[in-house]
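See structure below.
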Amino acid sequence: MRIKCPYCGERGNDEFSYLGDASVKRPDPSAADASDAFYAFAYERKNVAGPMQELWYHAAGCHAWLVVTRDTRTHEISDVKPAQDVALEQQKTASAP
Amino acid sequence: MSNLANGLAAGKGASISERSDIAVTHVAARRGARAALDDAARTAFGTALPSAPRVIEAGTATIVWAGPDQWLFIEKAQAGSDPSVKLAATFQGLASVVDVSDSRTLFRLAASGPSEALIRGMGIDFEHNSFKPGDVAITHVSHLGVMVWRLPDGSGYEFACARTYARDFRDWLGKV
Ligand SMILES: [Zn+2]
């Protein structure tokens with residue numbers, strides 16, 4: 001499998017390390033159900049069969065975190081974005097009126 | 001390292017040398033300061049900093065892309081005048097500036113094209129001249145982290161690796 005880093009270009013997966021589901025968000029610690037929410041945040045994951053967004057780290061390259069859209073059945077990668085850009089985009093959407 | 005590295009021949013008659021008497025400074029842009037940092041670089045070096053994996057010669061400094069919003073500045077070491085101190089002043093408030101001269105070892109491979117070691121041993125594409133003069137890559141070689149760039153004038157390649165791995169990397173570079 002090869003991943004096209006938005007900064008470095010296409011590289012072998014030996015240069016990357018895998019974190020997992022990129023859609024998981026840290027819950028609000030002041031919420032009433034914070035304990036359950038943190039349990040789910042830390043341990044509960046979907047076992048996706050198909051395309052999913054994942055966090056990968058270009059450890060042996062530019063040291064950027066990436067959001068990779070990968071089909072778990074075929075390893076086909078349809079999109080790679082810098083995680084920073086994805087986070088900023090989400091912030092913008094969340095703060096929009 | 002110097003006596004180990006100098007004058008030994010690589011494949012195809014190319015020669016490998018360790019670069020000495022240089023100062024290496026790591027510069028990382030502060031959040032939101034990139035545009036102002038480019039302005040400061042234009043004033044001091046006559047150029048904006050590269051946004052893509054490229055190396056540029058800018059007067060007294062060679063500026064190497066070292067990841068998003070990060071660069072290595074390679075300058076001549078001078079007694080009594082520390083280039084990294086000067087850079088810290090130039091980029092005050094806009095970037096984090098760290099002298100990494102003692103943590104990086106730089107080698108130069110003088111060659112008009114890639115050696116067998118590069119083509120066969122590195123994970124990036126060197127064949128058919130796809131790694132052009134001025135191109136930069138951050139990658140690894142047998143688990144050793146290394147930066148490689150092709151000199152803008154096409155006269156060779158340079159490599160930066162952690163000083164503690166320099167001997168191993170030099171051995172690898174001289175193979176094939
Ligand atoms: Zn990268």
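Every number in this text was worked out from the coordinates using simple rules, so none of it is lab data. None of these values were measured; they are calculated from a predicted model. Glycine gets a Cβ as well: all are built from the backbone with ideal geometry, and neighbour counts include every protein chain shown.
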Q. Which order results if B:169, B:73 are arranged by neighbouring Cβ count within 10 Å, fewest first?
A. B:169, B:73
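Across the residues of B:168-175, average count of Cβ atoms on other protein chains within 10 Å?
Working: counts 0, 0, 0, 0, 0, 0, 0, 0.
Mean partner shielding for this stretch: 0.
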Q) Any idea what angle helix A:83-95 forms with the longest principal axis of chain A, computed on alpha-carbon atoms, 0 to 90 degrees, nearest 10? A) 30 degrees
Q: Rounded to the nearest 10 degrees, what's the angle between the helix B:34-45 long axis and the longest principal axis of chain B, both from Cα atoms, 0 to 90?
A: 80 degrees
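Given a cut-off of under 8 Å on Cα pairs at least six residues apart, what relative contact order in percent is computed for chain A? Working shown, then result.
On the way: 142 pairs, mean separation 24.9, N = 97.
So the answer I get is 26 percent.
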Q.
If you scale each eigenvalue of the Cα gyration tensor by 5 and take the root, what three semi-axes come out for region B:22-99, rounded to whole angstrom and sorted largest first?
A. 18, 14, 11
Q: Could you list, by residue number, the cysteines of the protein assembly as shown that have no other cysteine's beta carbon within less than 4.7 Å of their beta carbon?
A: A:62, B:161
Q. What's the average, rounded to a whole number, of partner chain beta-carbon atoms within 10 Å of each residue's beta-carbon in A:3-15?
A. 4
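Find out how many positive minus negative residues lie around residue B:46, taking Lys and Arg as positive, Asp and Glu as negative, among other residues whose Cβ is under 14 Å from that of residue B:46.
Values: positive: B:42; negative: B:38, B:39, B:57.
Neighbourhood net charge equals -2.
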(Q) Using Cβ contacts closer than 10 Å as the measure, can you line up B:101, B:130 from fewest to most? (A) B:130, B:101
Q) Angle, helix A:34-43 long axis vs. longest principal axis of chain A, Cα atoms, 0 to 90°, nearest 10? A) 20 degrees
Q. For residue B:175, which lysines qualify as cross-link partners when the Cα separation must be under 25 Å and same-chain residues fewer than eight apart are set aside?
A. B:12, B:132
Q) DSSP loop GluC sites (Glu not before Pro) in region A:22-97 with at most 15 other Cβ atoms within 10 Å of their Cβ, which ones? A) A:44, A:76
